[in-house]
């Protein structure tokens with residue numbers, strides 16, 4: 001059995017046990033989708049990223065939760081960039097990833113790594129009854145992009161809202177964002193994943209592809225500081241650029257080693 005390298009990186013934090021851990025798996029050629037899904041399930045983190053170098057020097061990247069492959073994921077992209085910059089001696093300050101959501105770039109800017117993602121503005125939607133029954137505090141507004149987007153009156157309401165997964169597991173969606181204007185940050189959020197071992201995700205980069213355009217419009221500013229209010233907490237520096245968003249953060253290495261496939 002040949003060993004394959006694997007790294008675990010805590011993203012959107014400057015210390016271990018903070019932010020959101022992601023598994024990062026460099027590959028020379030793709031494994032089968034079934035095998036990558038099994039590996040993500042075995043890792044049992046919210047996402048595992050796999051990437052392969054292209055002939056043009058860019059990288060193809062794919063992301064898997066323990067249950068399924070997803071089209072866009074922020075914190076494992078940041079974690080992958082960290083591995084390339086700090087462990088694999090990537091030679092320049094910009095990495096180009098090709099994904100199911102198109103071209104994504106990560107640029108090193110001092111201690112921060114800045115991702116550039118497509119924006120996903122939330123819009124008006126039909127509101128499932130199970131969604132409203134799924135939180136102990138009712139939101140003032142419900143919108144949707146990829147995920148349902150619940151806007152609350154205050155940071156305290158976001159922090160204190162208790163999810164009821166008996167109700168939320170009956171809502172058809174990948175994720176549910178809850179958010180409000182922040183005190184020290186421009187806005188705060190939490191992110192929930194029904195029908196998943198994840199439950200509440202510690203820090204969710206892809207959710208900010210929706211959070212940033214909403215709050216940039218609401219606050220009438222293009223540069224924003226964000227805080228995700230999970231137990232592990234996450235700090236994000238955000239920007240609005242036309243139909244794109246920038247999401248920057250720090251990351252730290254927790255573990256590196258090998259896995260083996262028979």
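The values are calculated or read from the model by the stated rules, or taken from the named source; none is laboratory data. None of these values were measured; they are calculated from a predicted model. Glycine also receives a Cβ, built like all others from the backbone with ideal geometry; neighbour counts cover every protein chain displayed.
Do you know which residues across the stretch 157-186 are in contact with a strand residue (DSSP E or B) (Cβ under 8 Å, 6 or more places away or on another chain), closer than 16 Å to residue 144 by Cα and either at pLDDT below 95 or in a loop (DSSP other than H, G, I, E, B) (or both)?
171, 173, 174, 175
Screening the stretch 200-234 for residues that are touching a helix residue (DSSP H, G or I) at 6+ places or on another chain (Cβ under 7 Å) and outside any loop (DSSP other than H, G, I, E, B) and picking the one that is surrounded by the fewest Cβ atoms within 10 Å (Cβ to Cβ) gives 224.
Screening 31, 78 for residues that are within 28 Å of residue 223 (Cβ to Cβ) and not in a strand (DSSP E or B) leaves exactly one candidate, 78. If you check residue 21 against the conditions, is it more than 13 Å from the chain's Cα centre (by Cα) and either in a strand (DSSP E or B) or assigned by TED's automatic domain parsing to the domain that holds residue 254 (or both)? Considered against the rule, which asks whether it is more than 13 Å from the chain's Cα centre (by Cα) and either in a strand (DSSP E or B) or assigned by TED's automatic domain parsing to the domain that holds residue 254 (or both), residue 21 comes out as no.
The residues of the stretch 127-153 that are part of a loop (DSSP other than H, G, I, E, B) and farther than 20 Å from residue 208 by Cβ, listed by number, are 127, 128, 134, 136, 137, 138, 140, 153.
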